[in-house]
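Structure first, then comments.
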Amino acid sequence: MSNASSGDFLTAVRTRLDAAPESALLLPTLFLLLLMILIFSFTADQFLSLSVLRNVLTQTSIYIILGVGLTIVLTSGEIDISIGSIIGLGAMILGISVVNLGFPIGIGLLATLLVGVLCGLMNGFLTAVVRVPSIIVTLGALTFFRGLAYLLGGGTVMIGFPPFLVWIGSGTFIGVPVPVWLALIAVIFGQLFLKSTRTGQHIIAVGGNAEAARLAGINIRFSKILAFVIMGALAAVASIIMVARLDAAQSVMGAGIELQVLAAVVLGGTSLFGGRGVILGSVLGALILSILQTGLLLSGVVQFWQLVAVGALLIAVVALRISYEPSEVQS
Amino acid sequence: MPSGMQTGADRRATRADAGTPVLEARNIHKNFGGVRALEDVSFHLNKGEILGIVGDNGAGKSTLIKTVTGAYRKTSGEIWLDGKHVEVENTRKARELGIETVYQASGLVEVMDAPSNLFLGREMTRSNWLGNALGFINRRKMRVETVELLKMLNIEVRNLAAPVRNLSGGQQQSVAVGRAAYWQGKIIILDEPANNIGVDQQRAVLELVERVRDTQGVSFILISHNMDHIFNLADRVLVMRNGRTVGNLRIADTSRAEVVGLITGATIT
Ligand SMILES: Nc1ncnc2c1ncn2[C@@H]1O[C@H](COP(=O)(O)OP(=O)(O)OP(=O)(O)O)[C@@H](O)[C@H]1O
Ligand SMILES: [Mg+2]
């Protein structure tokens, strides 16, 4: 290849990347993911097996579902760190309604979803209408919802769910685990909603420049509340999958998961300052974190080093991105 | 150019005393807490007229148009459109009533591209039932419209998919003014549209204003610190000082010295 044509090629690639700013964020993340798979396929011999792959995917589906929700909330310029506690509360609602009270599973699932929506509604209302910063609202909600979960369930483990729920957790549909299907649906929904609907565009606008959005007649309150409600509903779905996977419900479920999800979303290129949400990036981010952990585990690295590796990777990726795109740090 | 100015002056004389005003603000007051930003401000805008608003920094020009267009809630006062009393609760209502506004700064979402900004809050949806029901936007159509508009307005934007923060200040301002022209309001309000942009682009924006006025019969309110722009373009000028109106003069009957005197408070009316 001559010099000129390689230059042309590079310009063409650049133009392409500029035309679709999102792919500029996605490609490096995808590259990182593939690199990691390559490395672990050498260091851990069972790594590239179908069972490990399926396991990783199933395990990651919860993070992907939560990641979609958190991406939307971050895009609107807010944050939600209460999602782990919504999961705990949802698990209690599911356990009490189905196991303790003997309601049909359909009712239990609906009740769990409803509680997730109500949690989101509360977070959204306090943030958008009462105007308490969302980091504080959801910090309070983090202990508030967890407290409610303990009040409802104490320290007991609820078991004895009907077969349908067990199928949600461990069953397959056309050979693919059900949680993976649910994650796929969440991703398609999130991508279509954020990028292709008016409401999604309004959420981006509100997160990008709230005053400009307001002057353009966009309802800021509605946009933000909706983002939190979607997050709450998706946290309820995650809660259902978690209970289904363990075939048991406990009030501590989901504790600490918000940091993992936040790490995955930020890794994927979503801005912490609002206005830019990369749903597919969050999927890649979640996969990277899972594969890193599974890969290190299978390579015989002790757990403590896994924690160090995850933290270091997160900081390194964001630092790299900022050095290439200074606008990341502004307002 | 001089002959053009002549006919312009002739037209001005007729426009300045045309029938019912398209827009009238009566006794507008606006307080921010204890601060009186507007005190008993009244003005009217005739059909096809360009009304200039001038005044020092902090005189209350932006506050006045934000109050009139529903971006701020007024403390008291009335807005009349075509002789009818209207309530402008918010900016959406103002747009529905045919008032398009380019606010000073912060009109665009910098992280979004030009088409998204042009259609901000009024995105085009797909025409099939699913598009309507779920509000699926029609990106292709918005992009085509944007290309046409930018071509018509002689605005060069190389990469339409890039966030507008990658555009120059002048290009951003052109997109903001272009948005007001695109939506064809009966009234277009421009808050310092020629600020922060180069001389060529200033001229382009101001020519655009005249062209839209002449072809579409739109009435304009033009806020500016630039006396050249006001005296070349406006039919009438409203002078503000410390939240009050201190002058309402026909350009044909006044001079720069008089207007500047009113702005600074050197002239007593
Ligand atoms: N949101 C607000 N809260 C409190 N005070 C405000 C607010 N907006 C404007 N003011 C005050 O109202 C007064 C008028 O401000 P305004 O922005 O209308 O001036 P202006 O004539 O547009 O000035 P400039 O030429 O600098 O744009 C100023 O004293 C300003 O401090
Ligand atoms: Mg101003």
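Structural remarks
- Three semi-axes of the equivalent ellipsoid, the stretch B:136-269, Cα gyration tensor, whole Å, largest first: 33, 15, 13
- Helix content alone sets the calculated 222 nm mean residue ellipticity of chain A: runs of n ≥ 4 DSSP H residues at -39500 (n - 2.57) each, divided across all residues, give -25000 deg cm²/dmol.
- Whole-percent pair-distance distribution, where bins are 10 Å wide, for the alpha carbons of the stretch B:137-180: 28, 61, 12
- Expressed as a fraction of 2.2 N^0.38 Å, the C-alpha radius of gyration for chain A is 1.04.
- Hz values of 3J(HN,Hα) by residue in the stretch A:163-176 - Karplus curve (6.51, -1.76, 1.60), Gly and Pro given as x: x, 4, 5, 4, 5, 4, x, 10, x, 10, 9, 6, x, 10
- Ascending count of other beta-carbon atoms within 10 Å, so fewest first, for A:MET231, A:MET122: A:MET122, A:MET231
- In a fully extended conformation the segment linking B:ASN128 and B:ASP40 would gain 26.7 nm over its present Cα-Cα distance, using 0.36 nm per residue.
- The slack in the chain from A:PHE31 to A:LEU50, taken as 0.36 nm per residue of separation less the alpha-carbon distance, amounts to 4.7 nm.
- Lys, Arg +1 and Asp, Glu -1 on Cβ, resulting dipole of the protein assembly as shown about Cα centre, debye, nearest 20: 640
- In this structure, the amide hydrogen of B:GLY77, modeled 1.01 Å from its nitrogen in the peptide plane, lies closer than 5 angstrom to those of B:HIS29, counting only residues at least 5 positions away or on a different chain.
- Each of B:THR146, A:THR294 has some number of other Cβ atoms within 10 Å of its Cβ, and from fewest to most they run A:THR294, B:THR146.
- Per residue convex hull volume, Cα atoms of the stretch A:172-216, in Å³: 63
- Only the Cβ atoms of Lys and Arg (+1) and of Asp and Glu (-1) were treated as charged; on that basis the dipole of the stretch A:206-331 about its Cα centre amounts to roughly 220 debye.
- Sites listed here are trypsin sites (Lys or Arg not before Pro) in the stretch A:99-197 whose DSSP assignment is loop and whose Cβ has at most 13 other Cβ atoms within 10 Å: A:ARG131.
- Spatial separation of Cα centroids for the stretch A:121-199 and the stretch B:128-171, in angstrom: 35
- Multiplying the residue separation of B:ALA266 and B:ARG165 by 0.36 nm and subtracting their alpha-carbon distance yields 32.2 nm.
- Cβ-derived FRET efficiency at R0 41 Å, B:ALA252 paired with A:ILE135, nearest 0.05: 0.10
- In this Cβ point-charge picture (+1 for Lys and Arg, -1 for Asp and Glu), chain A has a dipole of about 440 debye about its Cα centre.
- Neighbour net charge for A:LEU94 - beta-carbon separation under 14 angstrom, K R +1, D E -1: 0
- Size of the protein assembly as shown from its Cα atoms: along the principal axes, largest to smallest, the extents are 88, 70, 46 Å.
- Shown here for the stretch B:146-243: trypsin sites (Lys or Arg not before Pro) in loop regions (DSSP other than H, G, I, E, B) with at most 10 other Cβ atoms within 10 Å, namely B:ARG158.
- Across the options A:ALA235, A:MET122, A:SER170, the greatest Cα extent toward the positive end of the charge dipole of chain A (unit charges at beta carbon of Lys, Arg, Asp, Glu) belongs to A:MET122.
- Among the listed pairs A:LYS195/B:LYS93; B:LYS66/B:LYS93; B:LYS93/B:LYS141; A:LYS195/B:LYS141; B:LYS30/B:LYS84; B:LYS47/B:LYS151, those whose Cα-Cα separation exceeds 18 Å are A:LYS195/B:LYS93; B:LYS93/B:LYS141; B:LYS30/B:LYS84; B:LYS47/B:LYS151.
- Each residue of the stretch A:79-92 is assigned a 3J(HN,Hα), and the resulting list reads 9, 9, 9, 9, 5, x, 6, 4, 4, x, 5, x, 4, 5 Hz, derived from the Karplus form 6.51 cos²θ - 1.76 cosθ + 1.60 (θ = phi - 60°), x at Gly and Pro.
- Using the Karplus relation 6.51 cos²θ - 1.76 cosθ + 1.60 with θ = phi - 60°, the per-residue 3J(HN,Hα) values for the stretch A:125-139 come to 4, 5, 6, 8, 9, 6, 6, 7, x, 5, 5, 7, 4, 7, 5 Hz, with x marking Gly and Pro.
- GluC sites (Glu not before Pro) restricted to DSSP loop in the stretch B:119-154 with at most 13 other C-beta within 10 Å: none
- Likely footprinting exposure, B:THR101, B:THR75, fewest C-beta neighbours within 10 Å first: B:THR75, B:THR101
Here, each number is a calculation from the coordinates, and none is a lab measurement. For clarity, every value in this text was computed on a predicted model and none was experimentally measured. Cβ atoms come from the backbone with ideal geometry, glycine included; neighbour counts cover every protein chain shown.
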